[in-house]
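Undergrad: Mind looking over this structure? Questions follow.
We did not get these values from a lab; they are worked out from the coordinates using the rules stated. Quantities reported herein were computed from a predicted structural model and do not represent experimental measurements. Cβ atoms come from the backbone with ideal geometry, glycine included; neighbour counts cover every protein chain shown.
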Amino acid sequence: MPASDGPAAPPTNAPTYVRRGKVKEVWEVSPTELEFRFTDDISVFDKHIPSEIPHKGESLARTAAHWFELCSRIGVRHHFLGLSGPTAMRVRRVRVEPEIRRLGPNPRNYLVPLEFIVRYYLAGSMWDRVQSGAVRATDLGFPSGRPLTYGLALPEPHFEVTTKLEPVDRLLDWPEARQLSGLGTAEMDAAREMILKVDAAMEREIGPRGLLHVDGKKELGVDAEGALMLVDTFGTADEDRFWDRDALARGRTVDFSKEFVRQHYRSTGYYDALQKARAQGTAEPPIPPLPPLIIDEVSRLYTTVFQRLTGAPFAPMARPPA
């Protein structure tokens, strides 16, 4: 056999690496199509944890696919094309541009550089803000002076918008969100209605399986026709928070989300040290790895969330040969 000149070139249709986020990789399939590859990595508080969680990537990919298929059934636009493996999915490509005005008038086919967060119960970082006095009862739609407790159902969905393409997400008011996103008032209202429609459909599906949708985030894009569509992923244990309905009725919150991981770092004092560094503008402390027993528990959490959300048993899919 003749001597090799080096490794064989990949086939012309093989995806090429584009970038990596906190927990997933983005690969280019074509000028109009991307592939998301979900890793077993995990992050909290915008920090990448130096630990891997078995089966996490597959549970996220398959859960996200489940919800995109729901969107198709209820007539909500999205960028999902299909699963391309146990931990990978193909999506329509959009332009990523932090300065939307650079795209010219009436931009099309771009990522809206915002994260839309909707809260239905008092939990998570919102509870932290309530305890610190930064958020009052009236800010959440309650009468003035109403006592607030963790797990309280909010009188109406509470919307928040944060940045998407900055190193650390920050809250925005609606005028700044419109300016950053290139969306007008009518389009922002349409985004809100789209998100509420999807959340209502999710609640109808998970309710019979004994779950409550506590809060979650969604990302949007504008497609080639100028219409809003859901992009990235949503409805997984990474983006959303779910509680056990029966446990809440008994006065106890049982989380089906990565809140379990956040609480671990709160209990160790890491979260307080991180927040202090951010407030003072000093170097942020590196986040330590998770202990082995916590890793096992978190892995079971992700596969359990998949089963409770989709109603399907979790059995790892066969992986294609490398």
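Undergrad: Check each of the trypsin sites (Lys or Arg not before Pro) in segment 249-317 and keep only those in coil by DSSP with at most 15 other C-beta atoms within 10 angstrom; list them in order.
TA: Filter output for segment 249-317: R250, R252.
Undergrad: Another one. Dipole of the chain, Cα-centred, from +1 at each Lys and Arg C-beta and -1 at each Asp and Glu C-beta, to the nearest 20 debye?
TA: That gives a dipole near 280 debye.
Undergrad: Test of understanding: what is the full-extension gain from R300 to R266, defined as 0.36 nm times their sequence separation minus their Cα-Cα distance?
TA: 10.2 nm
Undergrad: Additional query: Rule-of-thumb check for segment 148-246: C-alpha Rg over 2.2 N^0.38 Å?
TA: 1.18
Undergrad: What is the percent of Cα-Cα separations in segment 1-150 that go past 19 Å?
TA: Across segment 1-150, Cα pairs with separations above 19 Å total 71 percent.
Undergrad: Any idea what the relative contact order of the chain is, in percent, if you count C-alpha pairs under 8 Å spaced at least 6 apart?
TA: 19 percent
Undergrad: What would the Debye formula give as log10 I(q)/I(0) at q = 0.07, 0.12, 0.17 Å⁻¹ for the alpha-carbon point model of segment 16-276, no solvent?
TA: The computed values of log10 I(q)/I(0) come out as -0.25, -0.77, -1.62.
Undergrad: Could you line up V254, V222 from fewest to most neighbouring Cβ atoms inside 10 Å?
TA: Ascending Cβ contact count within 10 Å gives the list V254, V222.
Undergrad: Stretched out fully, how many nm does the piece from E97 to I74 gain, at 0.36 nm a residue minus the Cα gap?
TA: The E97-I74 span can extend by a further 5.3 nm.
Undergrad: Moving to a separate point now. Can you sort D215, D255 so the residue with the fewest Cβ neighbours within 10 Å comes first?
TA: Lowest to highest Cβ neighbour count: D255, D215.
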